[in-house]
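The values are calculated or read from the model by the stated rules, or taken from the named source; none is laboratory data. A quick note: this is a predicted structure, and the numbers were derived from the prediction, not measured. We place every Cβ from the backbone using ideal geometry, glycine too, and count neighbours over all the protein chains shown.
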Amino acid sequence: MSLPFFEGSSSLLELKTSFVAFRQDAMWLRHCYNMYHSLYESGSENDGLLRASAEVFFYNLSNILVEYIILQIAKLTDPATSKVQGITRDNLTVAHLNAELKKNKLMSPEICSISKKLMQYRNLIVSVRNKLIAHSDKATRLDGNPIGVHTPEEVSRFFSDLQKYCDTVGKQIGADPSDFSVQAGQGDVSDLLSALKRSNKALGES
């Protein structure tokens, strides 16, 4: 996907280009979460359908999606920079965008407030990323006790805050708005569930 061209100072231009790329990553993350929610958090009927269709496959897929979503959330909320072989490299994250907003004198109290909420959620999941997903911490792995436990409501709030962050930053820098809370299209997870229902119904009638 190509990024749009913006007019303005070189610093502001870089900020806008970075923001659009960040928002694309946020959209993809939300798409993955929506897919997980549709499959695994949409009621007992869907749960029974997945169990009847391919129980082991969908169980494994749920674990894969959870790990991937946690990894993507951690990436978007990582520090603004990282050192790689002694060289400081920018990360495309909330912290990096906020640093660029401050540089361009565009930081606002609202953006600061939303950012803190995003970081609060990061604090809930970052140990899972660090100890079980990106690395395998021996003590944590052998202990077997869950870490990073939190509620579905906290997950929902994070994604609501992520949308608010993108909307507020976009408005502040003059980028077009983009609501990515709902994403649907031909061949999506809804079509998969419909196909499974038809298949199971046909098997039951045969």
For the subset of segment 133-145 comprising residues that are free of Cβ contacts under 8 Å to residues at least 40 places away in the same chain and touching a helix residue (DSSP H, G or I) at 6+ places or on another chain (Cβ under 9 Å), which member is surrounded by the most Cβ atoms within 10 Å (Cβ to Cβ)? 140
May I ask you to list the residues in segment 156-193 that are among the polar types (S, T, N, Q) and either at pLDDT below 95 or not in a helix (DSSP H, G or I) (or both)? 178, 181, 183, 186, 190
Specify the residue that is farthest from the chain's Cα centre (by Cα); the eligible residues are those in segment 194-206 that are without any contact (Cβ under 8 Å) to a residue 40 or more places away in the chain and not in a loop (DSSP other than H, G, I, E, B). 205
Here are some conditions: (1) under 19 Å from the mean Cα position of the chain (by Cα); (2) part of a helix (DSSP H, G or I); (3) surrounded by 14 or more Cβ atoms within 10 Å (Cβ to Cβ). Residue 116 meets all but one. Which one does it not meet? (3)
Looking only at segment 150-175, and only at residues there that are over 19 Å from residue 29 (Cβ atoms) and in contact (Cβ under 8 Å) with a residue 12 or more places away in the chain, the one that is surrounded by the most Cβ atoms within 10 Å (Cβ to Cβ): 173
Of the residues in segment 1-29, those that are within 11 Å of residue 104 (Cα to Cα) and modelled with pLDDT under 90 number 3
Before we move on, is residue 45 over 22 Å from the mean Cα position of the chain (by Cα), acidic (Asp, Glu) and over 23 Å from residue 167 (Cα atoms)? yes
